[in-house]
């Protein structure tokens, strides 16, 4: 019994020795490529937020990620990534949406929300002087909403659901810079989801680093209730603290 307690104590001590907390704050400028909607999928009208309406801005999303590294090669992370986009313009054609019908020329205010809450784990499977490659999995909660309003009347579709994703990470160390790819993704069945960052990180102090790069957010679903696929590119920048 004493040996077991001693062994557990040594394991906990070793993990705490290599434990490290991190906080990553990111923002940037989004550039939409497409945002196509048809709700319900079978009876609704397909329209494009990006082509049929004007985006109202500025849009400056913020992402916050808390990380925990233990035993050197194991990483846990929690991410909060809200995204809300507002549109407006005259309907170019009749739009059947949910239980409502919007006539051509009718002024419409649109709202698209895609908030993401994630918990993930990654293990580094290759770690050398310069290279680090890791794989893992992410549990994502998708909190989405599409809403159309006109003349004080509105209709909406909410979508709250769980999405399992694969996680990959690859980095290459330079003198002060680190080039890296980090993100989640999975495709198959009626939908897909991809969220990846490609860029660089530079050390500012021993505990603080800055980052800049490109982020792609793409995905959607083609199911009975909803047809929606979105692609947004981001010029991203941020700061990361290690404790």
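Quick note: the coordinates plus some simple rules give every number you see, no bench work behind them. Predicted model, so just to flag it, every value in this text is computed and none were measured. In this analysis, Cβ positions are derived from the backbone assuming ideal geometry, glycine residues included, and neighbour counts consider all displayed protein chains.
Structural remarks
- Take the Cα of residue 51, step 7 Å toward its Cβ, do the same at residue 73, and the gap between the two points is 4.9 nm.
- P(r) histogram, all alpha-carbon pairs of region 2-242 included - 5 Å bins from 0, percent: 1, 6, 12, 16, 16, 13, 10, 8, 7, 5, 3, 2, 1, 1, 0, 0
- Fraction of beta bridges assigned by DSSP in the chain that are antiparallel (%, nearest 5): 100
- Summarising the label geometry, the points placed 7 Å from Cα in the beta-carbon direction at residue 158 and residue 137 lie 2.9 nm from one another.
- Ranking of 83, 64 by count of other Cβ atoms within 10 Å, fewest first: 64, 83
- In terms of surrounding Cβ atoms within a 10 Å radius of their Cβ, 97, 162, 194 rank from fewest to most as 162, 194, 97.
- Region 71-171: C-alpha pair distances exceeding 25 Å, %: 46
- Region 132-243 shape via C-alpha gyration tensor axes, a/c threshold 1.5: prolate
- Rounded to 0.05, the FRET efficiency of the residue 90 and residue 43 pair, given R0 = 35 Å and the Cβ-Cβ distance, is 0.95.
- In the chain, the longest principal axis of the Cα atoms and the axis of helix 2-17 are about 60 degrees apart.
- Residue of 41, 233, 207 that the Gaussian network model of the chain assigns the largest fluctuation, springs spanning Cα pairs under 10 Å: 207
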